[in-house]
Amino acid sequence: FLGAGKPPMYGDYEAQRHWQEVTYNLPIRQWYFNTSDNNLLYWGLDYPPLTAYHSFLCAYIAKLINPDWIALHTSRGYESQPHKLFMRTTVFVADLLVYVPAVILYCFSLKETSTKKKASIWDVALCILLYPGLILIDHGHFHLGLALWAVLFVSYDWDLLGSVAFCLALNYKQMELYHSLPFFCYLLGKCFKKGLKGKGLVLLTKIAGTVVLSFAVCWLPFCTDMEQIMQVLRRLFPIDRGLFEACMFSSPPPCCKLANIWCSLSVLIKIKNIVAPQTQLKLSFAVTFLSLLPTCVKLTVQPSLRGFKFALVSCALSFFLFSFQVHEKSILLVSVPVCLIINEIPFMATWFLLVSTFSMLPLLLKDGLLLAYAVTTPAFLSACVASFAIFEKTSAEDLHLKPFSLSLKGYVSWFKSFPKILRILFLLSVTLMGVLSVLSAAVHPPQRLPDLFPVSVSVISCLHFLLFWVYFNVVILWDSKNSRSQKKIS
């Protein structure tokens with residue numbers, strides 16, 4: 001485990017253990033407050049209430065096995081093989097109960113694929129479950145599993161269940177805000193289609209009531225007074241940390257290893273030094289909002305299930321690239337929706353998922369996961385090639401770019417060579433990522449440029465993500481109405 005045996009913080013493993021210690025031994029009203037028994041500078045709770053309840057449940061089980069694991073104060077830095085086995089088991093059980101079933105049931109819900117060679121349900125499920133990013137980083141995808149359940153429910157028009165599932169996901173990790181606008185716009189668009197003077201108004205009222213009730217249940221213990229609510233919100237959104245969320249914890253600083261636009265630009269322009277913190281917040285909000293706007297408007301006006309899934313990707317990628325306080329692991333919030341459309345655009349989805357894993361390379365090296373990265377990434381690529389024959393899926397039709405190519409009119413002839421160009425770019429991209437991975441792991445950078453490889457990884461990944469962002473927005477904005485979804489909504 002990263003940080004094991006290294007006081008005073010011990011690492012992320014200790015954070016998870018410490019939350020169990022706090023939630024079990026202290027009353028709820030003290031969970032998010034700084035007290036003599038709860039030093040918030042020592043891995044204080046900074047996730048929504050559902051995470052705290054989950055920690056309490058795990059702590060209750062831990063208490064039955066060995067009370068020393070969660071003893072107040074004296075358990076700090078506790079590390080033993082039985083406890084590590086327990087912690088891993090809690091993650092594994094949560095995945096088996098929530099995430100894995102959601103993936104498999106989602107794959108069963110896929111009636112057909114847009115590719116000429118249809119992949120089987122189990123091929124799709126295998127490729128999703130083999131995605132290296134989720135295996136290597138934070139393999140406890142409770143909130144992602146809840147979000148997948150929400151997508152699954154919504155795809156069957158079980159909108160109230162979908163709303164409950166997504167509210168639970170959002171109340172487990174606040175980063176689920178990355179997916180919130182597509183859910184909101186899609187459901188609102190469905191209400192508009194049904195008519196806001198009839199069935200649409202009824203559906204809108206039911207959804208609004210469901211959301212309010214779900215939040216009320218999750219937050220009920222913290223609603224005793226306004227100060228409790230405000231303190232939880234301050235812990236969830238610590239804007240005082242600045243534009244680069246992890247600066248105070250990381251070395252090298254995140255601007256050297258985070259593949260979003262602000263950190264990549266900071267290589268040339270020291271944004272933190274020339275832009276005031278409040279201005280940074282306003283700037284990132286404005287750019288993020290503008291980047292989201294076209295997709296959200298299109299989804300609201302023309303709601304379709306395919307458009308909804310593509311919007312999940314586009315909006316999450318906008319948040320990752322342009323928003324405030326992004327962590328390198330946040331790319332997983334983009335990758336999971338990409339996994340959901342891997343059967344529709346296997347070539348681009350596979351490419352994106354490879355880049356997303358590569359973008360976390362500095363973090364993987366820091367965590368000692370080089371061997372795991374070197375094994376899981378080729379395995380994932382091989383599974384995608386075998387399942388989807390991705391190199392045969394590069395035509396404009398396969399990439400959902402036919403409406404866009406037709407709109408080019410005089411440039412259509414040039415577009416005919418696009419598949420070949422795309423395959424060449426893919427091979428160059430994979431080769432570049434492979435070379436940089438080897439250099440990062442085996443070669444010492446020049447003394448004058450100690451962050452050469454992390455910077456190179458972040459900038460190259462960011463350029464990829466910008467191109468993917470353009471691609472996904474083009475697909476969404478040029479997509480005609482999905483007639484099947486429209487009939488279903490009507």
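The values are calculated or read from the model by the stated rules, or taken from the named source; none is laboratory data. As the structure is a computational prediction, the values presented were derived from the model and not from experiment. Cβ placement follows ideal geometry from the backbone for every residue including glycine, while neighbour counts extend to all protein chains displayed. Heads up: the accessible areas ignore ligands, DNA and RNA and are worked out on the full protein's heavy atoms, side chains in. Shrake-Rupley method; radii C 1.70, N 1.55, O 1.52, S 1.80 Å.
Structural remarks
- Residue-span extension gain [VAL301 to TRP158] - 0.36 nm each, minus C-alpha spacing: 49.4 nm
- Across the stretch 168-184, rounded Karplus estimates of 3J(HN,Hα) from the backbone phi angles (6.51 cos²θ - 1.76 cosθ + 1.60, θ = phi - 60°) give 5, 4, 5, 8, 9, 9, 5, 5, 5, 4, 4, 9, 5, 5, x, 4, 4 Hz, Gly and Pro being marked x.
- Farthest toward positive dipole pole in the chain [+1 Lys/Arg, -1 Asp/Glu at C-beta], among PHE142, ILE331, LEU204: LEU204
- Over all projection directions, the Cα-based convex hull of the stretch 380-454 averages an area of 7.5 nm².
- Cα-based equivalent ellipsoid, the stretch 1-59: semi-axes from gyration tensor eigenvalues, Å: 19, 13, 9
- Linear extension gain, GLN30 paired with MET230, 0.36 nm per residue minus alpha-carbon span: 70.7 nm
- Per-residue ³J(HN,Hα) for the stretch 75-88, Karplus 6.51 cos²θ - 1.76 cosθ + 1.60, θ = phi - 60°, Hz, x for Gly and Pro: 8, 4, x, 5, 9, 8, 4, x, 6, 4, 4, 4, 5, 5
- Inter-label distance for TYR42 and LEU477, nm, one decimal - labels placed 7 Å from Cα along Cα-to-Cβ: 5.2 nm
- Scalar couplings 3J(HN,Hα) for the stretch 286-296, obtained by applying the Karplus form with A = 6.51, B = -1.76, C = 1.60 to θ = phi - 60°, are 5, 5, 4, 4, 5, 6, 7, 4, x, 5, 5 Hz; x denotes Gly and Pro.
- GLU79, GLU21, reordered so the largest accessible area comes first (probe 1.4 Å): GLU79, GLU21
- Anisotropy class of the stretch 135-176 from Cα gyration tensor, a/c 1.5 cut: oblate
- Long-range Cα-Cα pairs in the stretch 78-237 (distance over 21 Å), rounded percent: 59 percent
- When LYS197, LYS402, LYS63, LYS84 are compared by accessible surface with a 1.4 Å probe, the order from highest to lowest is LYS197, LYS402, LYS63, LYS84.
- Mean sequence separation of contacting Cα pairs (under 8 Å, at least six apart), scaled by the length of the chain, corresponds to a relative contact order of 17 percent.
- Heavy-atom accessible area order for GLU392, GLU14, largest first, 1.4 Å probe: GLU392, GLU14
- Label selected from (1) 38, 26, 25; (2) 36, 29, 22; (3) 71, 23, 17, the criterion being semi-axes √(5λ) of the Cα gyration tensor in Å as computed here: (2)
- Label-to-label distance, nm, for residues given as ALA216 and VAL93 (7 Å Cα→Cβ offset): 3.2 nm
- Average accessible surface for the chain: 46 Å² per residue, computed with a 1.4 Å probe over protein heavy atoms with every protein chain in place.
- Under 19 Å from a label point set 7 Å out along the Cα-to-Cβ vector of PHE56, the amide N atoms of the stretch 142-179 belong to 143, 168-174.
- The length gained by stretching the chain between ILE121 and VAL435 to full extension, at 0.36 nm per residue less their Cα-Cα distance, is 109.6 nm.
- For the stretch 40-113, the spherically averaged projection of the C-alpha convex hull amounts to 7.2 nm².
- Over 31 Å apart at the Cα level, from the set LYS272/LYS366; LYS272/LYS298; LYS199/LYS329; LYS366/LYS393; LYS173/LYS420, are LYS272/LYS298; LYS199/LYS329; LYS366/LYS393; LYS173/LYS420.
- Rounded Å value of the spacing that divides the Cα centres of the stretch 330-362 and the stretch 368-442: 11 Å
- For LEU290, the solvent-accessible surface with a 1.4 Å probe is about 110 Å², rounded to the nearest 10.
- CD proxy at 222 nm, helix term only [per DSSP H run n ≥ 4: -39500 (n - 2.57); per residue of the chain; nearest 500]: -20000 deg cm²/dmol
- The chymotrypsin sites (Phe, Trp or Tyr not before Pro) of the stretch 131-202 meeting both criteria, a DSSP state outside H, G, I, E and B (loop) and at most 16 other C-beta atoms within 10 angstrom of the site's C-beta, are TYR156, TRP158.
- Share of carbon and sulfur in the accessible heavy-atom surface of the stretch 361-435 [1.4 Å probe, %]: 72 percent
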